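Taking it in order: structure first as structure tokens, then the write-up.
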Amino acid sequence: MTPKVVAVAGATGLVGRQMMQVLEERNFPVKSLKLLASERSKGKTLTFKGETIPVEVLSEDSFKGVDVALFSAGGGTSKKYSPCAAKDGCVVVDNSSAWRMDPNVPLVVPEVNAHDIAKHQGIIANPNCSTIQMVVVLKPLHDAAKIKRVVVSTYQAVSGAGIKALDELKAQTLAILEGREPECSVFPYPIAFNCLPQIPQSDAFADNGYSTEELKMVNETKKIMGDDSIRVTATTVRVPVFSGHSESVNVETEKKLTAQQAREILSKAEGVVVQDDLSKQLYPLAPNAVGKSETFVGRIREDVSHPSALDMWIVSDNLLKGAALNAVQIAERL
Ligand code: A2P
């Protein structure tokens, strides 16, 4: 691949920093790197491959001469600036939810639907973190036995809500342990020692009672898998884990799969690691997944309440496969 001029929009955020790290670790052929953020970051510098790079203020003119831009600066910023980038011939890989359900924008997890990348018209969307790790595991099961219905409950880490949310979890944990009243600014209730069934914490629930995150999981799964017939329902919950999302997933298939057949299929699947040995208490755990590229699956068992359904536990690093790594993998395939 010839070296590319790459931009990271939202470079000072948690995901933006991970994007830079992944570009460096995977030795993406970067000719030069442009770092973009808001006015607040004027004067800041960041390091890439030992080189100090100034953070520039994102503007409509930021993308002249840029080949690929990785965006993780929020939906509003992406809605405003992605079309400017695309107009200047730059391909945007956007981590926000702004474009995901746009019929002209491919929504891509390379292990599942890399073929959709070629359909892009300047913008490619990176799916929701919880959806990415789930579909990496669902796709090989769907190919083998056709999935009819998915019931998922998530246990999502605080890093998914950004740097300020991580600081809030730390401060609240200390406060509660020291007998002080925890202060809330990012989350509506304390996240320390608690589980919050509202993601994102700032969004209102839909009229049908679903949260935004739950609707993303329902709709994005169908688009990525290219199959509207799959029925999906989700309950998404923020838990006081710093990083790594966990999911309890029930999968009903048209053709019955035994737990052993599912393990065999998944052990050969790209990007998936089966960690499932109950005799050794081996199952996926969020802290063990942090820093890893793969999605881990375990506790695979046949649902005793249904003739052809499986239960499983899926864990991945939400900032890596759930965000930065998936975006860089899309850029690599471009
Ligand atoms: P900044 O640091 O200048 O505010 P996180 O999700 O971890 O909070 O990160 C959000 C990222 O998006 C940060 O890099 C932030 O930059 C960037 N960002 C937010 N709003 C804008 C904006 N209006 N223009 C450019 N970058 C933005």
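In a simple Cβ point-charge model (Lys, Arg +1; Asp, Glu -1; nothing else charged), region 36-116 has a dipole of about 300 debye relative to its Cα centre. Measure off, as a whole percent, the carbon and sulfur share of the 1.4 Å-probe accessible area of the chain, all protein chains present. In the chain, the share of accessible area belonging to carbon and sulfur is 51 percent. The magnitude of the dipole of region 211-288, with charges of +1 and -1 set on the Cβ of Lys/Arg and Asp/Glu and taken from the Cα centre, is near 60 debye. With a Förster radius of 35 Å applied to the C-beta separation of VAL304 and LYS119, the computed FRET efficiency comes to 0.25. Helix content alone sets the calculated 222 nm mean residue ellipticity of the chain: runs of n ≥ 4 DSSP H residues at -39500 (n - 2.57) each, divided across all residues, give -8500 deg cm²/dmol. Antiparallel versus total DSSP beta bridges in the chain: what percent is that, nearest 5? So the antiparallel bridges in the chain amount to around 45 percent. Other residues with beta-carbon under 11 Å from the beta-carbon of ALA175 carry, at +1 per Lys or Arg and -1 per Asp or Glu, a net charge of -2. Accessible area per residue for region 138-203, computed on protein heavy atoms with a 1.4 Å probe, is 51 Å². A simple spin-label model places pseudo-atoms 7 Å from Cα toward Cβ; at GLU51 and LYS222 they are separated by 4.6 nm. Put a plus charge on the Cβ of each Lys and Arg, a minus charge on the Cβ of each Asp and Glu, and nothing anywhere else: the dipole of region 131-318 about its Cα centre is then about 420 debye. Radius of gyration (Cα atoms) of the chain, expressed as a multiple of 2.2 N^0.38 Å: 1.00. Among SER248, VAL274, GLN198, whose Cα sits farthest toward the positive end of the charge dipole of region 131-318 (+1 at Cβ of Lys/Arg, -1 at Cβ of Asp/Glu, about the Cα centre)? The residue sitting most towards the positive pole is VAL274.
For GLN261 and GLU332, a Förster radius of 41 Å and the Cβ-Cβ distance give a FRET efficiency of 0.80, rounded to the nearest 0.05. Taking 24 Å as the straight-line reach from the Cα of LYS87, the lysines in range (excluding those fewer than 8 positions away in the same chain) are LYS4, LYS31, LYS34, LYS64, LYS79, LYS119. Taking a ≥ b ≥ c as the square roots of the eigenvalues of the Cα gyration tensor, an a/c ratio of 1.5 or more together with a/b no larger than b/c marks region 68-162 as oblate. Tell me which of TRP313, TYR81, PHE28 sits at the most positive position along the dipole axis of the chain, charges placed on C-beta atoms (Lys, Arg +1; Asp, Glu -1). Of the candidates, PHE28 comes out farthest on the positive side. With the convex hull of the Cα atoms taken as the outline of region 131-318, the averaged projected area works out to 11.9 nm². Residue separation of THR2 and ARG26 scaled by 0.36 nm, minus their Cα-Cα distance, works out to 7.1 nm of gained length. Listed by chain and number, the lysines whose C-alpha is less than 18 Å from the C-alpha of LYS255, apart from same-chain residues fewer than 8 away, are LYS139, LYS146, LYS148. For the pair LYS148 and SER38, a Förster radius of 41 Å applied to the C-beta separation gives a FRET efficiency near 0.35, rounded to the nearest 0.05. Label reach from GLU60 (point 7 Å along Cα→C-beta): in region 73-88, amide nitrogens under 19 Å belong to 76-88.
The values are calculated or read from the model by the stated rules, or taken from the named source; none is laboratory data. None of these values were measured; they are calculated from a predicted model. Cβ: placed from backbone, ideal geometry, glycine included. Neighbour counts: every protein chain shown. The protein model used for the area step is the full one, side chains on, heavy atoms only, and it has no ligands, DNA or RNA in it. Shrake-Rupley method; radii C 1.70, N 1.55, O 1.52, S 1.80 Å.
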